[in-house]
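The values are calculated or read from the model by the stated rules, or taken from the named source; none is laboratory data. None of these values were measured; they are calculated from a predicted model. Ligands, DNA and RNA are stripped out before the accessible areas are found, and what is left, the full protein with its side chains, is counted by its heavy atoms. Shrake-Rupley method; radii C 1.70, N 1.55, O 1.52, S 1.80 Å.
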Amino acid sequence: MAELETGRRRPEVLTLVTGLLALVLAVCAFVGELPSIDPRWLLAGGAAFVGMVLLAGSLRGRRE
């Protein structure tokens, strides 16, 4: 109920990034050319992203 009283809400970063990634993949599939990316880079990028999300969550603190 408190969210409704404060007005605007912040966008969820994870949902935004996932949506943008899905949009890029959809455009690539529509065009017919998928980029050739080494799966190891995807794994490393995903691990770095998860690490940054966990770090940001720990620095943010708890709200009660």
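Quick notes
- In sequence order, the range 15-20 has phi-based couplings of 5, 5, 5, 5, x, 5 Hz under the Karplus curve 6.51 cos²θ - 1.76 cosθ + 1.60, θ = phi - 60°, and Gly or Pro positions carry x.
- Given a 1.4 Å probe and the protein chains as shown, residue 60 ends up with an accessible area of around 150 Å².
- Taking all protein chains together, 30, 49 sort by accessible area into 30, 49, largest first [probe 1.4 Å].
- Legend: residues 21, 59, sorted from most to least accessible area (1.4 Å probe; ligands, DNA and RNA excluded), read 59, 21.
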